[in-house]
1. Scanning for something surrounded by fewer than 21 Cβ atoms within 10 Å (Cβ to Cβ), in contact (Cβ under 8 Å) with a residue 60 or more places away in the chain and either within 14 Å of chain B (Cβ to nearest Cβ) or closer than 30 Å to residue A:241 by Cβ (or both), does the range A:89-99 turn up at least one residue?
2. Out of B:56, B:43, I need the residue that is outside any loop (DSSP other than H, G, I, E, B), within 14 Å of another protein chain (Cβ to nearest Cβ) and in contact with a helix residue (DSSP H, G or I) (Cβ under 7 Å, 6 or more places away or on another chain). Which one?
3. If you take the residues of the range A:1-41 that are within 31 Å of the chain's Cα centre (by Cα) and outside any helix (DSSP H, G or I), which of them is nearest to the other protein chains (Cβ to nearest Cβ)?
4. Is at least one residue of the range A:133-146 surrounded by 20 or more Cβ atoms within 10 Å (Cβ to Cβ), assigned to a helix (DSSP H, G or I) and touching a strand residue (DSSP E or B) at 6+ places or on another chain (Cβ under 9 Å)?
5. If I ask for residues that are in contact (Cβ under 8 Å) with a residue 60 or more places away in the chain and either within 25 Å of residue B:66 (Cα to Cα) or within 14 Å of chain A (Cβ to nearest Cβ) (or both), which ones from the range B:1-13 would you list?
6. Kindly indicate whether any position in the range A:99-108 is at pLDDT 90 or above and assigned to a helix (DSSP H, G or I).
7. Restricting attention to the range B:69-84, and to residues there that are touching a helix residue (DSSP H, G or I) at 6+ places or on another chain (Cβ under 9 Å) and in a helix (DSSP H, G or I), which single residue is surrounded by the fewest Cβ atoms within 10 Å (Cβ to Cβ)?
8. Among the candidates A:20, A:7, which residue alone is closer than 22 Å to residue B:60 by Cα and buried (at least 17 other Cβ atoms within 10 Å of the Cβ)?
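The values are calculated or read from the model by the stated rules, or taken from the named source; none is laboratory data. Just so it is clear, the model here is predicted, and its values are computed rather than measured. Using ideal geometry, Cβ is built from the backbone for each residue, glycine included, and neighbour counts are taken over all protein chains shown.
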(Lines give C-alpha, C1' and ligand atoms only; values in the text may rest on other atoms or scores of the structure.)
Protein backbone atom coordinates (compact mmCIF):
# COMPACT_ATOMS: atom_id res chain seq x y z
CA UNK A 1 0.00 0.00 0.00
CA UNK A 2 1.51 3.34 -1.03
CA UNK A 3 1.15 6.78 0.61
CA UNK A 4 -1.58 7.91 -1.80
CA UNK A 5 -3.73 4.85 -1.12
CA UNK A 6 -3.24 5.27 2.64
CA UNK A 7 -4.34 8.90 2.39
CA UNK A 8 -7.43 8.04 0.35
CA UNK A 9 -8.31 5.36 2.91
CA UNK A 10 -7.98 7.96 5.67
CA UNK A 11 -10.41 10.26 3.83
CA UNK A 12 -12.75 7.32 3.34
CA UNK A 13 -13.44 7.39 7.08
CA UNK A 14 -16.03 10.07 6.25
CA UNK A 15 -18.26 7.16 5.14
CA UNK A 16 -20.18 4.88 7.53
CA UNK A 17 -18.21 1.75 8.57
CA UNK A 18 -20.61 -0.69 6.93
CA UNK A 19 -20.49 1.22 3.64
CA UNK A 20 -16.68 1.35 3.76
CA UNK A 21 -16.62 -2.40 4.13
CA UNK A 22 -18.69 -3.01 1.00
CA UNK A 23 -17.65 -0.09 -1.21
CA UNK A 24 -14.36 1.24 0.21
CA UNK A 25 -12.00 -0.84 -1.94
CA UNK A 26 -13.97 0.01 -5.08
CA UNK A 27 -13.98 3.79 -4.43
CA UNK A 28 -10.29 3.95 -3.50
CA UNK A 29 -9.43 1.71 -6.47
CA UNK A 30 -11.18 4.12 -8.83
CA UNK A 31 -9.33 7.09 -7.32
CA UNK A 32 -6.02 5.25 -7.76
CA UNK A 33 -6.94 4.43 -11.38
CA UNK A 34 -7.53 8.14 -11.99
CA UNK A 35 -4.38 9.33 -10.16
CA UNK A 36 -1.33 10.66 -12.01
CA UNK A 37 1.71 8.28 -11.85
CA UNK A 38 3.75 10.42 -9.41
CA UNK A 39 0.79 11.67 -7.37
CA UNK A 40 1.32 11.34 -3.62
CA UNK A 41 -1.53 13.40 -2.17
CA UNK A 42 -5.26 13.43 -2.96
CA UNK A 43 -6.30 16.63 -4.78
CA UNK A 44 -8.32 19.08 -2.63
CA UNK A 45 -11.32 18.50 -4.93
CA UNK A 46 -11.00 14.71 -4.33
CA UNK A 47 -10.94 15.29 -0.57
CA UNK A 48 -14.05 17.50 -0.80
CA UNK A 49 -15.76 14.88 -3.00
CA UNK A 50 -15.05 12.10 -0.50
CA UNK A 51 -16.10 14.18 2.53
CA UNK A 52 -19.33 15.25 0.84
CA UNK A 53 -19.94 11.70 -0.43
CA UNK A 54 -19.41 10.41 3.12
CA UNK A 55 -21.83 12.97 4.54
CA UNK A 56 -24.43 12.04 1.88
CA UNK A 57 -24.03 8.36 2.70
CA UNK A 58 -24.39 8.96 6.43
CA UNK A 59 -27.54 11.03 5.85
CA UNK A 60 -28.84 8.35 3.50
CA UNK A 61 -28.17 5.67 6.12
CA UNK A 62 -30.10 7.82 8.62
CA UNK A 63 -32.97 8.21 6.14
CA UNK A 64 -32.39 11.98 5.77
CA UNK A 65 -31.74 12.17 2.03
CA UNK A 66 -33.57 15.47 1.61
CA UNK A 67 -31.36 17.43 4.03
CA UNK A 68 -28.73 18.43 1.44
CA UNK A 69 -31.32 19.72 -1.09
CA UNK A 70 -32.87 21.62 1.83
CA UNK A 71 -29.52 23.15 2.78
CA UNK A 72 -29.00 24.19 -0.86
CA UNK A 73 -32.38 25.92 -0.82
CA UNK A 74 -31.47 27.63 2.47
CA UNK A 75 -28.20 28.75 0.83
CA UNK A 76 -30.12 30.56 -1.89
CA UNK A 77 -32.31 32.36 0.67
CA UNK A 78 -29.20 33.22 2.70
CA UNK A 79 -27.53 34.71 -0.38
CA UNK A 80 -30.62 36.78 -1.20
CA UNK A 81 -30.60 38.11 2.39
CA UNK A 82 -26.83 38.74 2.45
CA UNK A 83 -27.03 40.59 -0.88
CA UNK A 84 -29.96 42.73 0.30
CA UNK A 85 -28.04 43.64 3.46
CA UNK A 86 -24.98 44.50 1.36
CA UNK A 87 -27.24 46.76 -0.73
CA UNK A 88 -28.50 48.50 2.43
CA UNK A 89 -25.10 48.92 4.10
CA UNK A 90 -23.26 49.71 0.87
CA UNK A 91 -25.69 52.57 0.15
CA UNK A 92 -25.54 53.80 3.73
CA UNK A 93 -21.72 53.90 3.45
CA UNK A 94 -22.10 56.61 0.79
CA UNK A 95 -23.73 58.98 3.31
CA UNK A 96 -21.18 59.92 5.98
CA UNK A 97 -22.32 62.27 8.75
CA UNK A 98 -21.67 66.02 8.28
CA UNK A 99 -18.01 67.00 8.81
CA UNK A 100 -18.91 69.41 11.61
CA UNK A 101 -20.07 66.46 13.73
CA UNK A 102 -16.44 65.38 13.93
CA UNK A 103 -17.31 61.69 13.51
CA UNK A 104 -14.38 59.72 12.08
CA UNK A 105 -14.90 58.44 8.53
CA UNK A 106 -12.90 57.02 5.61
CA UNK A 107 -12.70 59.57 2.79
CA UNK A 108 -16.14 59.97 1.23
CA UNK A 109 -17.36 56.79 2.98
CA UNK A 110 -18.60 56.10 6.49
CA UNK A 111 -16.11 53.31 7.20
CA UNK A 112 -13.83 50.62 5.78
CA UNK A 113 -16.98 48.51 5.50
CA UNK A 114 -17.51 49.90 2.00
CA UNK A 115 -14.82 47.50 0.73
CA UNK A 116 -16.61 44.42 2.11
CA UNK A 117 -20.04 45.55 0.90
CA UNK A 118 -18.61 46.17 -2.58
CA UNK A 119 -17.27 42.59 -2.53
CA UNK A 120 -20.70 41.23 -1.52
CA UNK A 121 -22.38 43.18 -4.33
CA UNK A 122 -19.76 41.85 -6.74
CA UNK A 123 -20.52 38.32 -5.48
CA UNK A 124 -24.24 38.87 -6.17
CA UNK A 125 -23.36 39.90 -9.74
CA UNK A 126 -21.06 36.88 -10.17
CA UNK A 127 -23.79 34.51 -8.92
CA UNK A 128 -26.08 35.94 -11.63
CA UNK A 129 -23.72 35.35 -14.55
CA UNK A 130 -21.10 32.73 -13.63
CA UNK A 131 -21.17 29.01 -12.78
CA UNK A 132 -21.59 28.09 -9.09
CA UNK A 133 -17.91 27.12 -8.81
CA UNK A 134 -16.85 30.69 -9.69
CA UNK A 135 -19.65 32.17 -7.55
CA UNK A 136 -18.29 30.27 -4.51
CA UNK A 137 -14.90 31.94 -5.01
CA UNK A 138 -16.59 35.35 -5.15
CA UNK A 139 -18.51 34.58 -1.92
CA UNK A 140 -15.31 33.35 -0.25
CA UNK A 141 -13.55 36.58 -1.27
CA UNK A 142 -16.38 38.68 0.25
CA UNK A 143 -16.30 36.51 3.39
CA UNK A 144 -12.54 36.95 3.81
CA UNK A 145 -12.81 40.74 3.41
CA UNK A 146 -15.65 40.85 5.97
CA UNK A 147 -13.71 38.75 8.49
CA UNK A 148 -10.59 40.88 7.92
CA UNK A 149 -12.41 44.17 8.64
CA UNK A 150 -12.09 44.21 12.48
CA UNK A 151 -8.32 43.53 12.66
CA UNK A 152 -7.53 45.78 9.66
CA UNK A 153 -9.67 48.64 11.05
CA UNK A 154 -7.97 48.23 14.44
CA UNK A 155 -4.53 48.29 12.82
CA UNK A 156 -5.32 51.39 10.75
CA UNK A 157 -7.33 53.12 13.47
CA UNK A 158 -10.18 53.49 10.95
CA UNK A 159 -13.92 53.09 11.63
CA UNK A 160 -15.64 49.82 10.63
CA UNK A 161 -19.19 48.44 10.73
CA UNK A 162 -20.27 47.09 14.14
CA UNK A 163 -19.66 43.39 14.85
CA UNK A 164 -23.40 42.79 15.11
CA UNK A 165 -23.63 43.82 11.43
CA UNK A 166 -20.62 41.78 10.30
CA UNK A 167 -21.42 38.57 12.20
CA UNK A 168 -24.76 37.70 10.54
CA UNK A 169 -23.24 38.61 7.16
CA UNK A 170 -20.46 36.06 7.71
CA UNK A 171 -22.93 33.36 8.81
CA UNK A 172 -25.22 34.05 5.82
CA UNK A 173 -22.20 33.93 3.50
CA UNK A 174 -20.93 30.64 4.96
CA UNK A 175 -24.34 29.06 4.35
CA UNK A 176 -24.39 30.64 0.89
CA UNK A 177 -21.32 28.57 -0.07
CA UNK A 178 -23.70 25.58 -0.26
CA UNK A 179 -25.53 27.10 -3.24
CA UNK A 180 -26.72 24.54 -5.81
CA UNK A 181 -24.42 23.59 -8.68
CA UNK A 182 -27.16 24.30 -11.19
CA UNK A 183 -30.00 26.81 -10.87
CA UNK A 184 -32.36 28.53 -13.26
CA UNK A 185 -31.44 32.01 -14.48
CA UNK A 186 -34.28 33.58 -12.45
CA UNK A 187 -32.96 32.03 -9.24
CA UNK A 188 -29.39 33.11 -9.99
CA UNK A 189 -30.57 36.67 -10.56
CA UNK A 190 -32.40 36.82 -7.20
CA UNK A 191 -29.42 37.95 -5.01
CA UNK A 192 -28.47 40.75 -7.46
CA UNK A 193 -32.10 41.90 -7.72
CA UNK A 194 -32.55 41.90 -3.95
CA UNK A 195 -29.34 43.94 -3.55
CA UNK A 196 -30.52 46.44 -6.16
CA UNK A 197 -33.98 46.82 -4.57
CA UNK A 198 -32.46 47.19 -1.09
CA UNK A 199 -29.98 49.82 -2.33
CA UNK A 200 -32.73 51.83 -4.06
CA UNK A 201 -34.99 51.62 -0.98
CA UNK A 202 -32.15 52.70 1.31
CA UNK A 203 -31.21 55.62 -0.95
CA UNK A 204 -34.87 56.69 -0.93
CA UNK A 205 -35.13 56.46 2.87
CA UNK A 206 -31.82 58.30 3.37
CA UNK A 207 -33.17 61.02 1.05
CA UNK A 208 -36.27 61.29 3.25
CA UNK A 209 -33.99 61.47 6.29
CA UNK A 210 -35.99 58.50 7.58
CA UNK A 211 -33.05 56.29 8.55
CA UNK A 212 -30.55 58.96 9.60
CA UNK A 213 -26.98 57.99 8.81
CA UNK A 214 -25.52 54.52 8.40
CA UNK A 215 -25.13 53.50 12.02
CA UNK A 216 -27.83 55.85 13.25
CA UNK A 217 -30.26 53.09 12.20
CA UNK A 218 -31.52 51.17 15.20
CA UNK A 219 -29.74 47.86 14.71
CA UNK A 220 -31.56 46.30 17.67
CA UNK A 221 -34.75 46.64 15.63
CA UNK A 222 -33.56 46.51 12.02
CA UNK A 223 -31.50 43.29 12.08
CA UNK A 224 -34.04 41.20 14.06
CA UNK A 225 -36.74 42.47 11.67
CA UNK A 226 -34.69 41.16 8.72
CA UNK A 227 -34.33 37.87 10.62
CA UNK A 228 -38.08 37.78 11.22
CA UNK A 229 -38.76 38.37 7.53
CA UNK A 230 -36.39 35.55 6.61
CA UNK A 231 -38.17 33.29 9.09
CA UNK A 232 -41.58 34.14 7.60
CA UNK A 233 -40.36 33.60 4.01
CA UNK A 234 -38.73 30.30 5.03
CA UNK A 235 -41.89 29.13 6.82
CA UNK A 236 -44.13 30.06 3.87
CA UNK A 237 -41.79 28.28 1.46
CA UNK A 238 -41.65 25.20 3.71
CA UNK A 239 -45.45 25.11 3.94
CA UNK A 240 -45.92 25.62 0.21
CA UNK A 241 -43.43 22.87 -0.69
CA UNK A 242 -44.79 20.52 1.99
CA UNK A 243 -48.26 20.79 0.43
CA UNK A 244 -46.75 19.27 -2.71
CA UNK A 245 -45.00 16.53 -0.67
CA UNK A 246 -41.59 18.25 -0.91
CA UNK A 247 -39.75 18.26 2.43
CA UNK A 248 -36.82 20.45 1.30
CA UNK A 249 -38.50 23.59 2.62
CA UNK A 250 -38.67 22.16 6.16
CA UNK A 251 -34.95 21.41 6.16
CA UNK A 252 -34.21 24.83 4.66
CA UNK A 253 -36.18 26.45 7.48
CA UNK A 254 -34.35 24.49 10.21
CA UNK A 255 -31.01 25.31 8.55
CA UNK A 256 -31.90 29.01 8.37
CA UNK A 257 -32.53 29.13 12.13
CA UNK A 258 -28.80 29.72 12.74
CA UNK A 259 -28.42 32.82 10.50
CA UNK A 260 -31.84 34.05 11.69
CA UNK A 261 -30.55 33.70 15.25
CA UNK A 262 -27.44 35.73 14.38
CA UNK A 263 -29.61 38.45 12.83
CA UNK A 264 -31.61 38.49 16.08
CA UNK A 265 -28.48 38.77 18.27
CA UNK A 266 -28.74 42.59 18.80
CA UNK A 267 -32.40 42.27 19.81
CA UNK A 268 -31.76 39.24 22.04
CA UNK A 269 -28.72 40.86 23.71
CA UNK A 270 -30.74 44.02 24.26
CA UNK A 271 -33.61 42.13 25.88
CA UNK A 272 -31.34 40.01 28.13
CA UNK A 273 -29.21 42.93 29.33
CA UNK A 274 -30.19 45.77 31.65
CA UNK A 275 -33.04 48.00 30.50
CA UNK A 276 -30.75 51.04 30.10
CA UNK A 277 -27.46 51.76 28.34
CA UNK A 278 -25.96 50.48 25.10
CA UNK A 279 -25.44 46.75 24.46
CA UNK A 280 -22.07 45.72 25.82
CA UNK A 281 -19.55 43.55 24.00
CA UNK A 282 -19.96 40.85 26.68
CA UNK A 283 -23.76 40.73 26.16
CA UNK A 284 -23.27 40.45 22.41
CA UNK A 285 -20.59 37.76 22.73
CA UNK A 286 -22.63 35.62 25.15
CA UNK A 287 -25.75 35.90 22.95
CA UNK A 288 -23.77 35.09 19.79
CA UNK A 289 -22.21 31.99 21.41
CA UNK A 290 -25.67 30.86 22.61
CA UNK A 291 -27.06 31.25 19.06
CA UNK A 292 -24.01 29.50 17.56
CA UNK A 293 -24.73 26.50 19.80
CA UNK A 294 -28.53 26.52 19.66
CA UNK A 295 -28.90 26.87 15.85
CA UNK A 296 -26.79 23.82 14.82
CA UNK A 297 -28.20 21.91 17.83
CA UNK A 298 -31.74 22.46 16.48
CA UNK A 299 -30.62 21.09 13.11
CA UNK A 300 -28.94 18.05 14.69
CA UNK A 301 -32.02 17.41 16.81
CA UNK A 302 -34.25 17.54 13.72
CA UNK A 303 -31.91 15.08 11.93
CA UNK A 304 -31.95 12.75 14.95
CA UNK A 305 -35.76 12.87 15.22
CA UNK A 306 -36.20 12.24 11.52
CA UNK A 307 -33.66 9.43 11.58
CA UNK A 308 -35.46 7.74 14.49
CA UNK A 309 -38.79 8.05 12.71
CA UNK A 310 -37.33 6.62 9.49
CA UNK A 311 -35.69 3.67 11.25
CA UNK A 312 -38.81 2.76 13.25
CA UNK A 313 -40.32 -0.63 12.24
CA UNK A 314 -42.85 -0.72 9.43
CA UNK A 315 -46.45 -1.10 10.59
CA UNK A 316 -47.72 -4.67 10.41
CA UNK A 317 -48.96 -5.64 6.97
CA UNK A 318 -47.04 -2.89 5.20
CA UNK A 319 -44.37 -4.05 2.73
CA UNK A 320 -40.77 -3.00 3.39
CA UNK A 321 -39.97 -0.23 0.88
CA UNK A 322 -36.58 -1.80 0.12
CA UNK A 323 -37.13 -5.54 -0.14
CA UNK A 324 -40.91 -5.74 -0.45
CA UNK A 325 -41.20 -8.26 2.43
CA UNK A 326 -44.23 -7.90 4.69
CA UNK A 327 -43.84 -7.52 8.45
CA UNK B 1 -36.92 7.61 -9.95
CA UNK B 2 -38.18 11.10 -10.82
CA UNK B 3 -38.21 12.17 -14.44
CA UNK B 4 -36.93 14.18 -16.23
CA UNK B 5 -33.61 12.66 -15.30
CA UNK B 6 -30.77 14.92 -14.22
CA UNK B 7 -28.01 15.13 -16.81
CA UNK B 8 -25.37 13.07 -14.94
CA UNK B 9 -27.95 10.31 -14.33
CA UNK B 10 -28.99 10.34 -17.99
CA UNK B 11 -25.35 10.10 -19.07
CA UNK B 12 -24.57 7.23 -16.66
CA UNK B 13 -27.55 5.24 -17.98
CA UNK B 14 -26.53 6.09 -21.58
CA UNK B 15 -22.97 4.89 -20.91
CA UNK B 16 -24.27 1.60 -19.48
CA UNK B 17 -26.64 1.09 -22.43
CA UNK B 18 -23.68 0.00 -24.59
CA UNK B 19 -22.12 -2.54 -22.22
CA UNK B 20 -21.49 -3.25 -18.52
CA UNK B 21 -18.84 -0.91 -17.13
CA UNK B 22 -16.86 -0.37 -13.91
CA UNK B 23 -16.55 2.98 -12.10
CA UNK B 24 -13.34 4.12 -13.79
CA UNK B 25 -14.71 3.26 -17.24
CA UNK B 26 -17.99 5.04 -16.48
CA UNK B 27 -16.20 8.27 -15.49
CA UNK B 28 -14.33 8.29 -18.82
CA UNK B 29 -17.42 7.37 -20.84
CA UNK B 30 -19.59 10.07 -19.22
CA UNK B 31 -16.87 12.65 -19.93
CA UNK B 32 -16.65 11.49 -23.57
CA UNK B 33 -20.44 11.49 -24.05
CA UNK B 34 -20.69 15.05 -22.72
CA UNK B 35 -17.64 16.43 -24.57
CA UNK B 36 -15.87 16.72 -21.17
CA UNK B 37 -18.62 18.99 -19.84
CA UNK B 38 -19.71 16.56 -17.11
CA UNK B 39 -16.81 15.33 -15.03
CA UNK B 40 -17.86 12.88 -12.29
CA UNK B 41 -15.64 12.20 -9.31
CA UNK B 42 -15.73 8.74 -7.70
CA UNK B 43 -17.52 9.93 -4.53
CA UNK B 44 -20.28 11.49 -6.64
CA UNK B 45 -20.40 8.59 -9.12
CA UNK B 46 -20.83 5.87 -6.49
CA UNK B 47 -23.48 7.94 -4.69
CA UNK B 48 -25.39 8.15 -7.99
CA UNK B 49 -24.88 4.43 -8.67
CA UNK B 50 -26.24 3.58 -5.19
CA UNK B 51 -29.41 5.55 -5.94
CA UNK B 52 -29.75 3.94 -9.38
CA UNK B 53 -29.28 0.44 -7.93
CA UNK B 54 -31.87 1.19 -5.21
CA UNK B 55 -34.28 2.47 -7.86
CA UNK B 56 -33.78 -0.75 -9.83
CA UNK B 57 -32.39 1.01 -12.91
CA UNK B 58 -28.86 -0.42 -12.63
CA UNK B 59 -27.64 -3.85 -11.49
CA UNK B 60 -24.27 -5.23 -10.46
CA UNK B 61 -23.02 -7.37 -13.35
CA UNK B 62 -19.82 -8.95 -11.98
CA UNK B 63 -16.69 -8.31 -9.95
CA UNK B 64 -13.07 -8.60 -11.01
CA UNK B 65 -9.75 -7.97 -9.30
CA UNK B 66 -7.26 -6.23 -11.63
CA UNK B 67 -3.76 -5.37 -10.33
CA UNK B 68 -5.01 -6.01 -6.79
CA UNK B 69 -7.87 -3.51 -7.22
CA UNK B 70 -11.53 -4.46 -7.02
CA UNK B 71 -13.53 -3.63 -10.13
CA UNK B 72 -17.27 -4.00 -9.91
CA UNK B 73 -19.10 -3.89 -13.23
CA UNK B 74 -22.58 -2.40 -13.53
CA UNK B 75 -25.20 -3.00 -16.22
CA UNK B 76 -28.45 -1.36 -17.25
CA UNK B 77 -31.47 -3.25 -15.86
CA UNK B 78 -34.68 -3.74 -17.92
CA UNK B 79 -36.25 -0.99 -15.79
CA UNK B 80 -33.31 1.29 -16.53
CA UNK B 81 -33.64 0.58 -20.25
CA UNK B 82 -37.32 1.57 -20.13
CA UNK B 83 -36.61 4.82 -18.27
CA UNK B 84 -33.72 5.68 -20.61
CA UNK B 85 -35.89 5.01 -23.69
CA UNK B 86 -38.76 7.13 -22.32
CA UNK B 87 -36.40 9.98 -21.42
CA UNK B 88 -34.64 9.79 -24.80
CA UNK B 89 -37.99 9.95 -26.59
CA UNK B 90 -39.04 12.96 -24.50
CA UNK B 91 -35.78 14.75 -25.28
CA UNK B 92 -36.09 13.83 -28.99
CA UNK B 93 -39.56 15.40 -29.16
CA UNK B 94 -38.24 18.54 -27.45
CA UNK B 95 -35.30 18.74 -29.86
CA UNK B 96 -37.57 18.27 -32.88
CA UNK B 97 -39.97 20.96 -31.66
CA UNK B 98 -37.11 23.38 -30.97
CA UNK B 99 -35.45 22.63 -34.33
CA UNK B 100 -38.70 23.24 -36.22
CA UNK B 101 -39.31 26.55 -34.45
CA UNK B 102 -35.75 27.72 -34.97
CA UNK B 103 -35.69 26.91 -38.69
CA UNK B 104 -39.03 28.71 -39.08
CA UNK B 105 -37.53 31.71 -37.32
CA UNK B 106 -34.41 31.60 -39.51
CA UNK B 107 -36.53 31.48 -42.67
CA UNK B 108 -38.61 34.45 -41.48
CA UNK B 109 -35.46 36.47 -40.73
CA UNK B 110 -33.84 35.88 -44.16
CA UNK B 111 -33.71 39.12 -46.22
CA UNK B 112 -35.81 38.95 -49.36
CA UNK B 113 -33.60 39.11 -52.44
CA UNK B 114 -34.86 41.68 -54.93
CA UNK B 115 -35.67 40.10 -58.28
CA UNK B 116 -33.83 41.30 -61.29
CA UNK B 117 -36.26 42.77 -63.76
CA UNK B 118 -36.83 40.26 -66.53
CA UNK B 119 -35.14 37.51 -64.60
CA UNK B 120 -31.74 36.14 -65.38
CA UNK B 121 -32.65 34.84 -68.76
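1. Scanning the range A:89-99, I find no residue that is surrounded by fewer than 21 Cβ atoms within 10 Å (Cβ to Cβ), in contact (Cβ under 8 Å) with a residue 60 or more places away in the chain and either within 14 Å of chain B (Cβ to nearest Cβ) or closer than 30 Å to residue A:241 by Cβ (or both), so the answer is no.
2. Only one candidate passes the filter, namely B:43.
3. Top of the filtered list is A:15.
4. Checked against the condition, which is being surrounded by 20 or more Cβ atoms within 10 Å (Cβ to Cβ), assigned to a helix (DSSP H, G or I) and touching a strand residue (DSSP E or B) at 6+ places or on another chain (Cβ under 9 Å), the range A:133-146 yields no hits at all.
5. Selection gives B:1, B:4, B:5, B:10, B:13.
6. No; the residues of the range A:99-108 include none that is at pLDDT 90 or above and assigned to a helix (DSSP H, G or I).
7. B:81
8. One residue alone meets the criteria, A:20.
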